[in-house]
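This report refers to the structure that appears directly beneath it.
The values are calculated or read from the model by the stated rules, or taken from the named source; none is laboratory data. Bear in mind that the values here come from a model prediction, so they are computed numbers and not experimental data. Because the Cβ atoms are built from the backbone with ideal geometry, glycine has one as well, and the counts that use them run over all protein chains shown.
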Amino acid sequence: MRLLLFLCFILNAEACWFYSKQTTLDKIKQHLGTRTFVDRSYIYDMKSKLPKLITWAIEAIGVDNTFEDCDANKDGKITLQEMVDTTTCLSSCTKLAILNTVVGL
């Protein structure tokens, strides 16, 4: 319930006080280990292991929207470098909050 309230707050916030793109990228790198990219099958596999509330949040952002925002060369893989270089990737507090929650699990 607290997470839901937090996400509602973040959705309405104009500024991002809690998360930064660099901090989120560092957590993603740690979480991925030796992997250098994320593809749709990885996301769907990860979603199957998460609580329903987090799955709902991921769907709210949209997997297709994520690939539209982050997959610069449109090859179906989001590399760590694309996450860093693409200005539309990890560009909102909502995305950062959800990713930090997912990676923290």
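Scanning the range 82-105 for residues that are out of contact with any Pro (no Cβ under 9 Å at 6 or more places or on another chain), among the hydrophobic types (A, V, I, L, M, F, W, C), in contact (Cβ under 8 Å) with a residue 24 or more places away in the chain and outside any helix (DSSP H, G or I) gives a single hit, LEU90. None of ASP64, ASP75, ASP69 is within 18 Å of VAL102 (Cα to Cα) and not in a strand (DSSP E or B) except ASP64.
Limited to the range 60-89, what total is found for residues that are on the phi > 0 side of the Ramachandran plot and modelled with pLDDT of 85 or more? Summing the residues that are on the phi > 0 side of the Ramachandran plot and modelled with pLDDT of 85 or more in the range 60-89 gives 2. Restricting attention to the range 29-49 and to residues that are farther than 15 Å from VAL103 by Cβ and among the aromatic types (Phe, Trp, Tyr), the residue that is surrounded by the fewest Cβ atoms within 10 Å (Cβ to Cβ) turns out to be TYR44. The test for being within 11 Å of the chain's Cα centre (by Cα) and modelled with pLDDT of 80 or more holds for LYS21.
Quick check on THR55: is it of a type in the set (Ser, Thr, Tyr) and either in a helix (DSSP H, G or I) or touching a His at 6+ places or on another chain (Cβ under 6 Å) (or both)? Yes.
Of everything in the range 50-66 that's within 20 Å of SER20 (Cα to Cα) and in contact with a helix residue (DSSP H, G or I) (Cβ under 7 Å, 6 or more places away or on another chain), which residue is surrounded by the fewest Cβ atoms within 10 Å (Cβ to Cβ)? Ranking the candidates gives ILE61 first.
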